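What follows is a short report on a single structure.
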Amino acid sequence: MPSRPRFSFSTLRGFQQPELSRKLNQVIKNENAAIGAHEKAGRERVSIASQLSDWGEWTEDEAVADISDKVGVLMSEIGEQEDTFAGYLEEYRIVLKQIRDTENSVQPSRDHRAKIADEIQKLKWKEPHSHKIDILEQELVRAEAQSLVAEAQLTNVTRSKLKEALDIHTAAVIERSEKQTLLARHARRLLNSLDDTPVVPGDSPREYDQGSITRQILEDAENDLRAWESTTVPIHT
């Protein structure tokens, strides 16, 4: 049996997230889980819509069968909107990664500057007249100059990409909400075609004659969804 590779401190270090990007990395990780939840919810909604339609047909009640089938169509589209929303969330997450990657690139310059400053302080305490202090102080000046460039880049990237990411996120929330609301309103219109007047024992429900009306409602929903346009106010750049 081949021996298992042993981990060393050097190999473990490669798996550690830099301190500067740790918090945002957690956000990115949790958003990935949220995206999966939205995708699952969308699939479940489509599946349930199909089940509702099947049940309606099984009742052998023409009115119930028609309404449950057409409401199921709209419910299924509501589920599809959840999947579309998850796609937008992935775009938002990708933009957040750009901030995280920039944070990762800045971390070494911060660490280098802190290491030099720490070495200077140790030498001043142990060997206050050491010539190395002057050399390290010059090196610290160069490190701080390089750090200024990196920090400026981090500020610029963080602000612009955060704005871009949250623009995508909030616009997606509005789009999903408006489209799902549109679909739900048409589903509620369908309910008006279901006569729930109580029948007495021995009588039959009134003959169902709403098929053409419910078909028109579905067509209206399809047309409205196709004609939907975003009313989201653009974010200034």
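The values are calculated or read from the model by the stated rules, or taken from the named source; none is laboratory data. Quantities reported herein were computed from a predicted structural model and do not represent experimental measurements. Positions of Cβ are generated from backbone atoms using ideal geometry, with glycine treated the same way; all protein chains shown enter the neighbour counts.
Tabulated results
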item: Criterion (at pLDDT 90 or above, in a helix (DSSP H, G or I) and surrounded by 13 or more Cβ atoms within 10 Å (Cβ to Cβ)) met by exactly one of Ala187, Ala143, Ala150; result: Ala187
item: Any pair with Cβ under 6 angstrom, 6 or more apart, that starts in the stretch 111-138 at a residue that is farther than 26 Å from Ala150 by Cα and ends at one that is assigned to a helix (DSSP H, G or I) and β-branched (Val, Ile, Thr); result: Leu123/Ile133
item: Where a residue in the stretch 211-237 is surrounded by 10 or more Cβ atoms within 10 Å (Cβ to Cβ) and its partner, wherever it lies, is modelled with pLDDT under 95 and outside any helix (DSSP H, G or I), with Cβ under 8 Å and at least six apart; result: Ile213/Ser193; Thr214/Ser193; Ile217/Ser193
item: Flag for Lys161 being more than 24 Å from Glu19 (Cα to Cα) and either aromatic (Phe, Trp, Tyr) or at pLDDT 75 or above (or both); result: no
item: Entirely in the stretch 8-127, the helices (runs of 4 or more DSSP H) that have 2 or more residues that are under 18 Å from the mean Cα position of the chain (by Cα) and under 30 Å from Ser193 (Cα atoms); result: 22-58, 62-126
item: Single unsatisfied condition, Glu178 versus (1) in contact with a helix residue (DSSP H, G or I) (Cβ under 9 Å, 6 or more places away or on another chain); (2) part of a helix (DSSP H, G or I); (3) touching a residue at least 12 places away in the same chain (Cβ under 8 Å); result: (1)
item: Residue count for the stretch 37-92, restricted to those that are more than 20 Å from Arg188 (Cα to Cα), in contact with a helix residue (DSSP H, G or I) (Cβ under 8 Å, 6 or more places away or on another chain) and among the hydrophobic types (A, V, I, L, M, F, W, C); result: 4
